[in-house]
Each structure stands twice: as C-alpha cells, then as structure tokens.
1. Surrounded by 21 or more Cβ atoms within 10 Å (Cβ to Cβ), within 17 Å of Ala470 (Cα to Cα) and out of contact with any Phe, Trp or Tyr (no Cβ under 7 Å at 6 or more places or on another chain): is that true of Ala261 in this structure?
2. Within the stretch 396-415, how many residues turn out to be assigned to a helix (DSSP H, G or I) and either in contact (Cβ under 8 Å) with a residue 60 or more places away in the chain or buried (at least 20 other Cβ atoms within 10 Å of the Cβ) (or both)?
3. Answer yes or no: is there a residue in the stretch 260-270 that is in contact (Cβ under 8 Å) with a residue 60 or more places away in the chain and over 26 Å from the mean Cα position of the chain (by Cα).
4. So which of Leu473, Leu463 is assigned to a helix (DSSP H, G or I), touching a residue at least 24 places away in the same chain (Cβ under 8 Å) and either loosely packed, with under 15 Cβ neighbours inside 10 Å or outside the structural domain of Ala277 (by TED's automatic domain parsing) (or both)?
5. Check every one of the helices (runs of 4 or more DSSP H) wholly within the stretch 478-591 and list those with 2 or more residues that are touching a helix residue (DSSP H, G or I) at 6+ places or on another chain (Cβ under 6 Å) and free of Cβ contacts under 8 Å to residues at least 60 places away in the same chain.
6. Among Pro125, Pro134, which is over 18 Å from Gln158 (Cα atoms), touching a residue at least 12 places away in the same chain (Cβ under 8 Å) and of a type outside the set (Gly, Ala, Ser)?
7. Going residue by residue through the stretch 599-614, is there one that turns out to be assigned by TED's automatic domain parsing to the domain that holds Tyr522, under 26 Å from Leu496 (Cβ atoms) and surrounded by 21 or more Cβ atoms within 10 Å (Cβ to Cβ)?
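The values are calculated or read from the model by the stated rules, or taken from the named source; none is laboratory data. This structure is a prediction, so every number in the text was calculated from the model and none was measured. Ideal geometry is used to build each Cβ from the backbone, glycine not excepted, and the neighbour counts take in all protein chains shown.
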Amino acid sequence: MSYPVSLLRTYLSRHSVPGILVGLALCGVYLYFFAFKAHVDLEIKMFAPTRAWFKVYWAEDNTGFSEQNMRQVLINGTHEKYSFHIGNLASIDRIRIDPVEFRTKLFLKKLSISQPGFEPIELSPENRFSGLEPLQQISGVTVKPDGYRFKTTGRDGQLQVHLDRSATRTFPVVNLIVLLSILLVSGFVTTILHPLQKELKFVPVLMTVALSLAFIMAVISKHFWLHPNGSSRIFVHPDEEAHVEAVAYYRDHLLPPPLDAEEIRSSYSVYGYTRLASFELYYPIAGYVTRLLVPFKQAFTRDARLFSVFLFALLSLYAYRQPAFRPFALPFLITPQVWYLFSYSNSDGFALCLATIAAYQAAYKGSTLNLVLTERNLPNLSLHILWLGFVVGALFLLKLNFYFYILFLGLYLIWRVVIGDFPDQKLLWTRIGLVAMIGVAFYGARIGVDFAVNGLDSKQKQLALVETMAEPLYKPSTPLHKKHIYLYMRDRGFSLGRILTKEQWAGKTFISSFGAYGFTQYLGSNTYYDTVRIVGVAMLGILLLSILIYGPPSTHWLFAITLGCAGLLVAASLWQSWTISFQAQGRYLAPILPMFGVLYFHTRPWLMHRVFNGLVFAMFALGMYSFIFIGLALIPKFP
C-alpha cells in the first residue's frame, strides 16, 4: 500500500503535473457546465423595488417539470439584465417560466437561449415573442414594440415555450478550441506561479490583489439609493447603516450611551435593536480610529469603510513580512465574501481579523503566546502577557458566532497539551492563568462601563425598548400570525425539513458564503456556484486525503476537533434560522476560516502542495471573477 501511495505522491510533486490536473479538471467543468448546457440571457423589468426568484423549468422528452430540472435567478427593481445556464437543449422539449411568486406587473424585454451546436432561441420584440404562451395566473398580456408586458395574478404565474430540436448540429469545433486553450493556460499559469509556491509567497501577492478590489468597492459603492417614489432610503450593503451609526457615535463620544438617549434613536433597526447596546469591541475601536480621518472632510461612511480596508491591509502586510503567518491568511483567498466583508462597515471583518491573529498566536511555535507559555526567562514578559490578555478579552467581545471559535481554541490547546508540546506543565498553566486574568479584567472593564451608564438592568431596558422601537412586524407583542413570515418558523409549525428543502437554507447559505453582494440580490450564475462547489470539495478532499494517508494519528484528532466545532457552528446557525429568525447568511460561518487555517498549518508537512495550491489558485480566480463581474459590476455606485 505504501509503495503505490509514495509513487503517486512523487508523481504529483512534479512541476508540470498539477497544471495538467487542474487543466483537466477545468476542462471537465467546461464540458459539464458550458458545452452541454444552454445559456439564458434575460432582460426583464420589475415595477416594484423588491426582490423575487425568476425560475426556469425544463421538461425532457415529454416528461413533467420538476425541481431537479430548474434554475433560478434573483431579480430586483434596480437591474434588468441577468444570465444563467439551464440543461442540454438536445434533450429539452418544453420550457416553463415562473416569473415571481406574488402579484405584480412585469415587463419582459428579451429572453434568449443559446448553446453551441443549436439554433438560438430568441424571444424578443422583433419576432413579437412568438412561441411564448401563458399557462396560468397570467393576465394583461400586451406585446409592445419594446417588450412583453404582463401581470401575475397569483403566487404561481406560468408561461411556456415549446422548442424545435430539428436544427441540432454536431459537437462544434469551438469547444475543442476552448478545451485546448484551457490546458495551455493552466500550464502557463502553473509555470508563472511555480516560484511563488515556496514559503507560500503567493499568499501576500494574492491578498494584495484582493485588498485592491476591496478598496475599490469601498470607494465607489453607494451608501444608499432612494426609493423610486422618493419616500425612503434603500441601503446597499447588509446592515451597513446600523454599523455606521454605532461607529459614528464613538467618533464623538468616549463612553457608551444610555440606551434611551434621544441622539441614538436613529441607530435602532426595524427589529428594535441598536448596535450600541452590543458589547462588541469593533464599534468603539472603529469610532476612535476614524477620528484621525476627520480632517479629510469626506463622508463618514467612507471613513468607516476605510477602517475595514485598513484591517485587511494590516493582515496583507504581515503576511508579506512574516512567512509563518501565511498559512493562517491563506483561507482569505478561497472566497470573495471575505474581501467583501472588508469593503464596507461591519463588525464581521474586525472579528475575522482578530480571530486570524489569535490563530497565528495559538499555533505558530515562534509566536509571542507560545514563547510566553514555554520560555521561563523571556524579555518584556509583563508586556507580552498584557497584550495577550487584551487579545483573549477581545475575543469574548466579538459576535456570538465567534464563541464557537473560542471553543475550538480551547480544544486545540488541550490537543497540544496531549501531544506533548508543553513539557513544563506548571509554567504552562501559570502563564495561562496570568493571561486569562488580564483577559477577564479587560472583558469585565468593558461590561462594567456599560453597567455604569445603563445600570445593572441594562438587558431588561433593552428588551423594553424593543417593544417601543421595533416596527409592527417585529414587535414582541405582535401576534405570531401577524409577525414577519421568517420569524419563529418552528412555532408556526414549519418543520426543519422545510427549512432545508422549501426554504433552501443550505443552498442560500452556501451562495452567500462564496459571492453574494448587497442584501444577497447581486448573485452570480448557478454555473459559478456549481464550479466553486466542485473545486472547493476537491480542495477539502486533497486536505483530508493527505491527513488520512500521510498524517499521524494526532492530525486525525485535530481534524475531528475542527470538523466538530465547525459542525456545531453550522448547526447553531440552522437552529437560529428555524427557531428565531431565518438568516441563511454565510458570514455567520466566518469563524470556520481561522479554524481551517490552524488545521492547514498542521497538515502542511503531509500535504500534496502543488495540487492543493493549484486548487487554491482556481478558487481565487473564481473569486476574482465574482467580485469584479458580479459585485463591482452590479453594486450601485457613485455618483
């Protein structure tokens, strides 16, 4: 068994093989998702500034329509052009269009379906949308010179198109050219990036590229845009207005405010909560730092965003200066959602930054923490313990989802004790006790300041204010059947199975983990997410295979710890969506990234580096595509 495995490992370590393997994998992706799939270009206008799922079903050889043969795209009132892929035209007999799931008025300007080897299907004013026929809950159909106007009269409006497959041609030569180009480009990129693989030199290089994209997003994206009727503001980034309000308060104040203060009423959300009631450390630190930008006289929203960009820049610079930090920064390369978090004002980016620093301190044996825990005569010991205590206390002043990361760090420390990394147990627990004391003191000071301002009953005051400040859909006193449909779904009788299937919690969480912008209304095509899924699974598969085949039993336990803590976080997010508020958002799973960084750090000696790095490059390339052509292209921009 060992000889074939060693032979395989030797073969895969050759310089040219990873490029060939990645190229073949990308060829397979192209064949599966592009060559044998039809591409849909949609141009549609909604007359209401809301979001809706536009669904396309296809039936093969006179069979019925099903959810398995369906693609959907999220349309909204601010954009009109969308694209996605459906099945193979060679086997499609009919197409059904379900525009939205509510009553509204729509204006279809164009719908075209194309696939190499087939005559394109065009539904446009030029052919008066010939072949498009209403099935049910569609009325007011009018074909205009500029489009197809119609109304949906219920939740299940449907239109249908019959296809003519008589014009089928052979496998087009263009596909062969594309496949050859993919192989050549893969080999060329592998050759160019080969020198950067030593000591993970590619990590700071790619992080600098991601930093540049985050900076561009921070500068050009709007804070809000006006409702078409001018009655209200619609914000661009998720909850940014709430974060900005809290940061702005600390720009002008040192201490937290009384919760019922008049000056902070605008910081309360529709749910009746204010970020200023949170103990999160992000808001005072961001507020204090943005004071330095006041002389530049720019919009405060931009100041708050630049603080997030500054954090990303610090991580990128440290990855450049310190090779030992690069394994912990590598997870930042596999998803553009991380870059997006650092492009606007929010507390998730700050938490991820601190968690990544904590991962480096915990795992790298040359870090300050490890020196404090192992060296008896360490210079400046008191200062080291002081700032480490600050980091520990700060970890408890992050969002609650990062408490699963704290659990991971605790189990990881126990794992290291068991494998014998700390022979001097007395010194270890003494120093841990000192660091913990500083951390508890810092944490207690933050909580104490809040109690001094709002009293020991601040939580009760906050709950009372929820009733006053929340909109009717979210007030605690509102009867359950009159609350928002996505609140307390378990109490409404919805099963967990419905959350996973009908509401598609897993799929939406995955999508919002790998490239969803705005309030998840700016999305890529299904092909993009399918490709990310395949490459991501392959990357995790290589990591797991390396651990199981080459890694010692201790790494198996570390993998179990990582998987267990990540699984608990996912389960908690699902439980919260079912029992409290449906929130299928990938940013809640951000603590998994520094967990993965620690696991990767310990797995590197047994990893198939060239193949794994090639997959990381592929994930980064997909992320760049998403951030540039979806995020930057579609997000509302200044002026």
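1. no
2. Taking the stretch 396-415 and keeping what is assigned to a helix (DSSP H, G or I), we get 400-415.
Those still in the list that are either in contact (Cβ under 8 Å) with a residue 60 or more places away in the chain or buried (at least 20 other Cβ atoms within 10 Å of the Cβ) (or both) too: 401-402, 404-405, 407-409, 411-412, 415.
Residues flagged as assigned to a helix (DSSP H, G or I) and either in contact (Cβ under 8 Å) with a residue 60 or more places away in the chain or buried (at least 20 other Cβ atoms within 10 Å of the Cβ) (or both) within the stretch 396-415 amount to 10.
3. yes
4. Sole residue among the options that is assigned to a helix (DSSP H, G or I), touching a residue at least 24 places away in the same chain (Cβ under 8 Å) and either loosely packed, with under 15 Cβ neighbours inside 10 Å or outside the structural domain of Ala277 (by TED's automatic domain parsing) (or both): Leu473.
5. Values: elements: 496-500, 505-511, 526-549, 553-579.
It comes to 526-549, 553-579.
6. Pro125
7. Taking the stretch 599-614 first, the residues assigned by TED's automatic domain parsing to the domain that holds Tyr522 are 599-614.
Now restrict to residues that are under 26 Å from Leu496 (Cβ atoms): none.
No - not one qualifying residue is present in the stretch 599-614.
A quick yes/no check of all residues on (1) of a type outside the set (D, E, K, R); (2) at pLDDT below 85; (3) out of contact with any helix residue (DSSP H, G or I) (no Cβ under 9 Å at 6 or more places or on another chain):
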site: Cys27; (1), (2), (3): yes, yes, no
site: Tyr32; (1), (2), (3): yes, yes, no
site: Glu43; (1), (2), (3): no, no, yes
site: Thr50; (1), (2), (3): yes, yes, yes
site: Lys55; (1), (2), (3): no, no, yes
site: Gln72; (1), (2), (3): yes, yes, no
site: Arg94; (1), (2), (3): no, no, yes
